[in-house]
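Worksheet: the structure to be examined is printed underneath.
The values are calculated or read from the model by the stated rules, or taken from the named source; none is laboratory data. Computed from a predicted structure; not experimentally measured. Neighbour counts are summed over all protein chains in view; Cβ atoms, including those assigned to glycine, are modelled from backbone coordinates with ideal geometry.
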Amino acid sequence: MKISNTFMVIMILLVCLFFPAAEAQQSTVTKVLIAKPKTYPGPCPVTIEFVGTIFVSRAARVEYRWERCDGGMGPRESVDIRSAAKSVTTTWRVGAPRKSFSGWERLRVLSPNGIISNAAAVQIKCT
């Protein structure tokens with residue numbers, strides 16, 4: 001009986017030692033950046049492209065969605081990132097002739113952890 005109790009204590013200690021190491025190896029999104037756009041003067045409506053770069057601590061499947069200043073949200077999407085970072089894109093068709101428009105989009109990462117990018121602002125002056 002004494003050997004059985006000693007074995008159990010050793011097993012519990014081993015689990016406690018290795019569990020934090022396994023937890024530390026989980027993937028996390030460390031940073032999200034938006035690269036485009038800034039301004040657009042010209043004919044409208046126009047399709048604006050937004051590019052976000054997702055950085056991860058290790059390979060991961062990342063789930064995300066795009067959000068707009070008008071409350072619009074894109075569908076839940078996912079991307080497998082095998083190295084440090086990967087870019088994702090979306091487009092938004094906006095503007096009307098002889099009107100100005102200013103707005104933004106941002107990228108919300110949903111998993112493996114939540115993080116929100118900066119808002120990428122766009123200024124449009126339609127001719």
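Of the residues that make up segment 30-40, is at least one of a type outside the set (Gly, Ala, Ser), at pLDDT 90 or above and in a strand (DSSP E or B)? Yes, some residue in segment 30-40 is of a type outside the set (Gly, Ala, Ser), at pLDDT 90 or above and in a strand (DSSP E or B). Of all residues in segment 66-76, count the ones that are surrounded by 14 or more Cβ atoms within 10 Å (Cβ to Cβ) and not in a loop (DSSP other than H, G, I, E, B). Count: 3.
Of all residues in segment 78-112, how many are closer than 30 Å to Gly42 by Cα and in a strand (DSSP E or B)?
Residues of segment 78-112 closer than 30 Å to Gly42 by Cα: 87-108.
If we keep only those that are in a strand (DSSP E or B) too, we end up with 87-94, 100-108.
Total satisfying the criteria: 17.
Residues in segment 83-127 that are of a type in the set (A, V, I, L, M, F, W, C) and within 11 Å of Ile54 (Cβ to Cβ): 6 in all. Every condition in (1) surrounded by 12 or more Cβ atoms within 10 Å (Cβ to Cβ); (2) closer than 18 Å to Trp104 by Cα holds for Glu63 except the one numbered (2). Quick one: would you say Ile54 is at pLDDT below 90, surrounded by 16 or more Cβ atoms within 10 Å (Cβ to Cβ) and β-branched (Val, Ile, Thr)? Against the criterion (at pLDDT below 90, surrounded by 16 or more Cβ atoms within 10 Å (Cβ to Cβ) and β-branched (Val, Ile, Thr)), Ile54 does not qualify.
For segment 113-127, a residue qualifies if it is in a loop (DSSP other than H, G, I, E, B) and within 13 Å of Thr47 (Cα to Cα), but none of them does. Note on segment 80-103: among residues that are surrounded by fewer than 16 Cβ atoms within 10 Å (Cβ to Cβ) and hydrophobic (A, V, I, L, M, F, W, C), the one that is nearest to Trp66 (Cα to Cα) is Ala85.
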